[in-house]
Every structure is written in C-alpha cells, then in structure tokens.
Amino acid sequence: MSEWTPESWRAFNARQQPAWPDPGEMERVLKELSQRPPLIFAGEARHLQKQLAAVSRG
C-alpha cells in the first residue's frame with residue numbers, strides 16, 4: 001500500500017455514486033475544504049491511538 005496523500009484517494013474507483021447534477025461542484029468543494037484547517041491534528045490522532053492501545057491491553 002502506498003503512502004496516503006490528499007490526492008491519493010482519486011486513484012480509487014468511486015462505486016455506488018449517485019448521479020451528481022453539477023460535477024464541477026465537487027471540485028469547488030474540494031478546493032474550499034483544502035483551504036480550511038484540519039478537523040483533527042496529527043498529534044491528536046497519535047494520542048488517540050496510544051489511548052486505544054492502552055485500553056486494548058486492559
């Protein structure tokens with residue numbers, strides 16, 4: 001598996017997609033989202049992984 005990048009998801013075929021009335025809207029939304037801050041930060045994700053690992057150990 002190759003490393004994830006913000007564009008790597010485009011390499012996968014979209015299955016079970018509805019018929020979008022405006023195909024260009026997706027590009028506009030992606031551009032807007034790329035200019036926004038992340039929903040979570042990498043450090044928060046790492047902290048959660050450590051907490052989940054601790055829980056799994058009991």
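Quick note: the coordinates plus some simple rules give every number you see, no bench work behind them. Just so you know, these numbers come straight off a predicted model, no measurement behind them. Positions of Cβ are backbone-derived with ideal geometry, glycine not excepted, and every protein chain shown enters the neighbour counts.
Among all residues of region 14-24, there is at least one that is of a type in the set (D, E, K, R), surrounded by fewer than 10 Cβ atoms within 10 Å (Cβ to Cβ) and within 18 Å of the chain's Cα centre (by Cα). Of the residues that sit in region 35-54 and are assigned to a helix (DSSP H, G or I) and under 13 Å from the mean Cα position of the chain (by Cα), which one is surrounded by the most Cβ atoms within 10 Å (Cβ to Cβ)? Checked region 35-54; the qualifying residue surrounded by the most Cβ atoms within 10 Å (Cβ to Cβ) is Ala45. Of the residues making up region 17-34, those that are in a loop (DSSP other than H, G, I, E, B) and hydrophobic (A, V, I, L, M, F, W, C) are Ala19, Trp20. Restricting attention to region 3-16, the residues that are part of a loop (DSSP other than H, G, I, E, B), within 23 Å of Leu39 (Cβ to Cβ) and among the polar types (S, T, N, Q) add up to 1. Screening Pro6 with (1) surrounded by 10 or more Cβ atoms within 10 Å (Cβ to Cβ); (2) within 13 Å of the chain's Cα centre (by Cα) gives one miss only, at (1).
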